[in-house]
1. Taking the options 30, 16, 53, name whichever one is without any contact (Cβ under 8 Å) to a residue 12 or more places away in the chain and either surrounded by 11 or more Cβ atoms within 10 Å (Cβ to Cβ) or not in a helix (DSSP H, G or I) (or both).
2. Would you pick out the residues in region 17-46 that are at pLDDT below 90 and hydrophobic (A, V, I, L, M, F, W, C)?
3. Counting only residues that are more than 17 Å from residue 108 (Cβ to Cβ), aliphatic (A, V, I, L, M) and surrounded by fewer than 16 Cβ atoms within 10 Å (Cβ to Cβ), how many does region 127-159 have?
4. Do we have any residue at all in region 113-124 that's among the hydroxyl-bearing types (Ser, Thr, Tyr) and modelled with pLDDT under 85?
5. Restrict the check to region 89-108 and report whether at least one residue is at pLDDT below 60 and crowded, with 18+ Cβ neighbours inside 10 Å.
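The values are calculated or read from the model by the stated rules, or taken from the named source; none is laboratory data. Predicted model only: the values in this text are computed from it and were never measured. Neighbour counts run over all protein chains shown; Cβ positions are idealised from the backbone, glycine included.
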Amino acid sequence: MNNYKQWFAAFVDDSQHKLRHALQCYLSAQESEDALQELYVNLYKKFVTHTPQNPMAYAYRAARNLAIDILRQRKTNFCELDEQVSVDSPTPMSQAEQDLVRDAIEALPPISRNVLIAAKYQGKSHKDIAIAFGISPKTVENHLRQAMIKCNQFVKERVSNSKKKAPEKQYASR
C-alpha cells in the first residue's frame, strides 16, 4: 500500500499540469482547480482496485467526463456567455448583433460550441483543444468549420426572418 501511495504521488506530480490544462478547455480556472481535486480523489479510489494499462489516458478521459458532468450540472447552454465570451469585432457591433451571435453559439451542439469557444474566444490551439477533448486535430477543424457554418446559417435565417416580419408590423400599425 505504501508503494501505491508513492506511485500515486508521482503520478499526480507528472500529470497535474496536463490535466489542469485539459480541464481548462471546458471550465474556468477556479472550476478547473476544484475539478482537478475531485478528479484525483476519484482516480485514487479507482486505481486502488484497478490500475489501467495507460493511467494517463484513463485520467484524460476521466477529466473530460468530469468536466462534462460539471457542465451538465450547471445546465450550461452558455446562457452566461456574456461572462465567458465577449464578442470582439473589428467593427463595433450593436447589442442586438452581439445577442444574435450569442444565440447562434448557444444553438450549436455542445462539442461544436465548446470547440468554437476554445478556439475563437479563448485562443487555444487546435492541438491543445484536441488533447483536451480527446479527439484528433482534424476533428477539431471539422467541428470548428461546422460551427462556423451553422452560426452563419443561424444569423442569416434570423436576419431574413426579421426582414419578413418587419413589413407586417408596418402594415399592422396603420
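1. Details: 30 fails: either surrounded by 11 or more Cβ atoms within 10 Å (Cβ to Cβ) or not in a helix (DSSP H, G or I) (or both); 16 fails: without any contact (Cβ under 8 Å) to a residue 12 or more places away in the chain.
Being without any contact (Cβ under 8 Å) to a residue 12 or more places away in the chain and either surrounded by 11 or more Cβ atoms within 10 Å (Cβ to Cβ) or not in a helix (DSSP H, G or I) (or both) holds for just one of 30, 16, 53, which is 53.
2. 22, 23, 25, 27, 29
3. Step one: filter region 127-159 for residues more than 17 Å from residue 108 (Cβ to Cβ), giving 127-128, 130-132, 134, 136-138, 159.
After this cut, where a residue has to be aliphatic (A, V, I, L, M) as well, the list is 130-132, 159.
So of that shortlist, the ones also surrounded by fewer than 16 Cβ atoms within 10 Å (Cβ to Cβ) come out as 159.
Count: 1.
4. Step one: filter region 113-124 for residues among the hydroxyl-bearing types (Ser, Thr, Tyr), giving 121.
Subsequent filtering for residues that are modelled with pLDDT under 85 retains 121.
Yes.
5. Taking every residue of region 89-108 in turn, none turns out to be at pLDDT below 60 and crowded, with 18+ Cβ neighbours inside 10 Å.
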